[in-house]
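Before any comments, here is the structure.
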Amino acid sequence: MAFELPELPYAYDALAPYMSAETLEFHHDKHHQAYVTNGNNLLEGSGLESKSLEDIVCESHGSNAGLFNNAGQHYNHIHFWSWMKKGGGGTSLPGKLQSAIDSDLGGYDKFRANFIAAGLTQFGSGWCWLAVNNGKLEIMKTPNGENPLVTGASPILGCDVWEHSYYIDYRNARPKYLEAFVDNMINWDYVLEMYEATGA
Ligand code: MN3
């Protein structure tokens, strides 16, 4: 199906001071819009026009790099906007997620440290993830527009570590951006929603 830019689920200045209105204006209105526009152009004639976004991502992977990059980034950003909220982050997790993080990842502190480390060690552009793989939570990282769908896992939380996501607010300080994402922006209710949708 054709790609459409979703509206941000909050005002442009809702995440300040952790993510500024200027960052969201560029990131949502320019970068995400470009993935939608370019993705729609590349979708035409690809034979995947009638598929779901998830299927387009998986089926273009390895066979249609241009379409894959734009479809992957469209999928990633749709969820990225909802993975953040005003007053989010921190340690008040829904009980079901807290239990899964305790049993699969060794507790919240280890999750926090390893998620941030995954974002820091992703060389160049990409994403770090919390995903469900074979029924268990796992921390992952991917380059560019890739995401855990292409390896058969289900992403339930992701952080964009492309420079366009943090350079206006944090300049080169990717660690500070990742800490602010985890401590002050994660929308754990949306993470729970995606976790439950995996059937885990
Ligand atoms: Mn981005």
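Values quoted throughout were computed directly from the atomic coordinates according to the rules given, and no laboratory measurement underlies them. Note that the structure is predicted; figures quoted are calculated from it, not measured. Note that each Cβ is placed from the backbone with ideal geometry, even for glycine, and that neighbours are counted across all protein chains shown.
Computed from the Cβ-Cβ distance with R0 of 22 Å, the FRET efficiency linking ALA113 to SER20 stands at 0.25. Pick out, in residue order, every one of the chymotrypsin sites (Phe, Trp or Tyr not before Pro) in the range 101-200 that is DSSP loop and has at most 13 other C-beta atoms within 10 Å; say none if there are none. Filter output for the range 101-200: PHE123.
Phi-derived couplings, Karplus 6.51 cos²θ - 1.76 cosθ + 1.60 at θ = phi - 60°, listed residue by residue for the range 156-172: 10, 7, x, 10, 6, 10, 5, 4, 5, 7, 9, 5, 5, 8, 10, 6, 8 Hz, with x used for Gly and Pro. Summing Lys and Arg as +1 and Asp and Glu as -1 over all other residues whose Cβ lies under 13 Å from the Cβ of LEU192 gives a net charge of -1. Candidate membrane-span-like segments in the chain, meaning DSSP H helices with Cα atoms spread over at least 24 Å of their own axis and a Kyte-Doolittle mean of -1.0 or above, are 65-82, with no membrane implied.
Enclosing the Cα atoms of the range 21-82 in their convex hull gives a volume equal to 73 cubic angstrom per residue.
Given a Förster radius of 45 Å and the C-beta distance between GLN98 and SER63 as r, what FRET efficiency does 1/(1 + (r/R0)^6) yield to the nearest 0.05?
Efficiency for this residue pair is about 0.70.
Of all segments of the chain bounded by trypsin sites (Lys or Arg not before Pro) found in a DSSP loop with no more than 16 other C-beta atoms within 10 Å, the longest spans 1-85. Under a 5 Å amide H cut-off, with hydrogens placed 1.01 Å from N, GLY126 pairs with ASN144, VAL161, TRP162 among residues at least 5 apart or on other chains.
Projected onto their three principal axes, the Cα atoms of the chain cover extents of 47, 39, 29 Å, largest first.
Where in the range 27-43 is the amide nitrogen less than 17 Å from a point lying 7 Å along the Cα-to-Cβ axis of LEU5? Flagged as within label range: 27-42.
Give me the lysines in straight-line cross-link reach of LYS96: C-alpha distance below 25 Å, same-chain residues under 8 apart excluded. Correct list for LYS96: LYS85, LYS86, LYS110, LYS136, LYS141.
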